[in-house]
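Below: the structure, in structure tokens.
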Amino acid sequence: MLLQFFFVLVAIILGARLGGIGLGVMGGIGLGVLTFIFGLQPTSPPIDVMLMIVAVIAAAGCMQAAGGLDLMVRQAEKLLRRNPSRITLLSPLVTYLFTFVAGTGHVAYSVLPVIAEVARETKIRPERPMAIAVIASQQAITASPISAATVALLSMLTGYHLSLLDILMISIPSTIVGVLLGALYSLRVGKDLEVDPEYLRRLEAGEFDEAVKGAEALKSPWKAAVSVGIFVLATVLIVLFGSIEELRRNGDTMLQMPSVIEILMLSAAALILLITRTNGIKAAQGSVFSAGMQAVVAIFGIAWMGDTFLNGNMTELRASIEGVVTSMPWLFGIALFVMSILLYSQAATVRALMPLGIALGISPWMLVALFPAVNGYFFIPNYPTVVAAINFDRTGTTRIGKYVLNHSFMMPGLIAMIGAMLTGLLLIQFLGR
């Protein structure tokens, strides 16, 4: 088993270094080793999860192509510029909302330049709002009803009589509390901008002659507004269908949530294209669609490999860690955190490790409370949104430290994640779960 785990780990590490679809395709190599060399029987690939993600990113991509994300950015810019002194508290709420609505943290790219420039113009150290804004965009993944990670978790827990609303009523308040705790910490991070040596050096070198432009004017505001409205309506309907079983009754049968999500999101994508007359090719060329398809490939390869490894070694794994995890189930959160650092994907982490938690007999409610632990990929500062934030901050205050791990995102990320998990654990105790 240890030798098999070594090959799985090598595939994950190499895939993370390749970036893009590298994680997924290296999962294919790892699966080949497990199957053809060690003789494990491949499990079924996570088709339902992949199709749900495809449907969601199709709708989100159409919304982006119709100008919906640009509209959201313009409103966010107005909010931040009206309240510049509160930017460290408002910025993470903005990126959290963006991710919550769109289901992907990559939408933060649009607003990060605005946050950096508003902070600099008001002489607030940009590192403070920038770092926690990126962390908030990650935490919101585990609160969004249409994110790949939430969809994956829901697909595993539906057999335990947990609805989508059950998951959201724990994950939403938990992650918001975690983000706010991280934001409060960020208020005092680092030296004030006026005395920061790196900023003063760049200022002396004349590196701030040209300001970064704000959001461009919308070509068709009504199309943008319609696309956002349709997407949000589809999201609300998903929550309703996931929370009220009677809405899913179709004659003598009950519609499963994967089918509901796929139908509603594909319909939303079609309505956006038809009503706004947006080119479908443009939707497939946007950043949201690209990032989403990378997630699909990652889940296809890595989750399939992980399922096969766990299924083939479940007896040994259960015997070695069942006692510890049963007596202290919160320790499973550490396993989720470490795996998310390796996989660089919340959804892939859920698909790879949550089946083990279920097999070990951990309460489904406990697994929901520990759900924010899959947001650990800020730990090594090379995730795209982390790198983007560093580059957008022209003052140089948002940075990777001398020892790599002492970077701007470490403490806000740890505080937000731990705060979210502790809040989740308190909530399930309060609810008697």
Straight-distance crosslink candidates among lysines, where the alpha carbon sits under 25 Å from LYS219 and sequence neighbours closer than 8 are dropped: LYS78, LYS282
Accessible area per residue in Å² at 1.4 Å probe, computed on the chain: 43 Å²
Inter-label distance, nm, simple model (7 Å from Cα along the C-beta direction), GLN41/LEU431: 3.6 nm
Label selected from (1) 0.97; (2) 1.04; (3) 1.00, the criterion being Rg/Rh (Cα atoms, Kirkwood Rh) as computed here: (1)
Positive-end residue of THR349, PHE378, THR276, charge dipole of segment 244-383 with Cβ unit charges: THR276
Set of lysines near LYS402 by C-alpha distance (under 28 Å), chain-local residues within fewer than 8 positions excluded: LYS123, LYS191
10 Å Cβ shell holding at most 10 others, DSSP loop, GluC sites (Glu not before Pro): longest site-free stretch of the chain: 217-433
The chain: angle of helix 346-359 to the longest principal axis, Cα-based, in degrees nearest 10: 30 degrees
Spin-label model distance (nm) - MET169 vs VAL239, 7 Å beyond Cα toward Cβ: 1.3 nm
Two-decimal log10 I(q)/I(0) for segment 329-433, as the Debye equation yields it once each C-alpha is a single scatterer, q = 0.15 Å⁻¹: -0.66
Helix axis angle, 87-102 relative to the chain longest principal axis, alpha carbon, degrees: 40 degrees
Estimated vicinal HN-Hα couplings, Hz - segment 254-263 in sequence order (Karplus 6.51, -1.76, 1.60; Gly, Pro = x): 10, 5, 7, 4, x, 5, 4, 4, 5, 5
The chain - percent of accessible surface contributed by carbon and sulfur, probe 1.4 Å: 65 percent
Rg ratio (alpha-carbon, reference 2.2 N^0.38 Å) - segment 89-179: 1.21
Among LEU14, LEU164, LEU23: highest mean-square fluctuation, GNM of the chain, C-alpha pairs under 10 Å: LEU14
Nearest-ten-degree value, helix 47-65 long axis tilted from longest Cα axis of the chain: 20 degrees
FRET efficiency, LEU18 to ALA270 (Cβ-Cβ, R0 41 Å, nearest 0.05): 0.75
Relative packing of peptides 275-281, 296-302, 67-73 - highest average C-beta neighbours within 10 Å first: 296-302, 67-73, 275-281
When segment 52-124 is reduced to its Cα atoms, the Kirkwood hydrodynamic radius in Å: 12.8 Å
Test item: Cα-centred dipole of the chain, Lys/Arg +1 and Asp/Glu -1 on Cβ, debye: 640 debye
Sites matching chymotrypsin sites (Phe, Trp or Tyr not before Pro) across segment 348-410 that sit in DSSP coil, with at most 11 neighbouring C-beta atoms within 10 Å: TYR403
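The values are calculated or read from the model by the stated rules, or taken from the named source; none is laboratory data. Just so it is clear, the model here is predicted, and its values are computed rather than measured. Cβ atoms come from the backbone with ideal geometry, glycine included; neighbour counts cover every protein chain shown. To get the accessible areas, we keep the full protein, side chains included, count just its heavy atoms, and leave off ligands, DNA and RNA. Shrake-Rupley method; radii C 1.70, N 1.55, O 1.52, S 1.80 Å.
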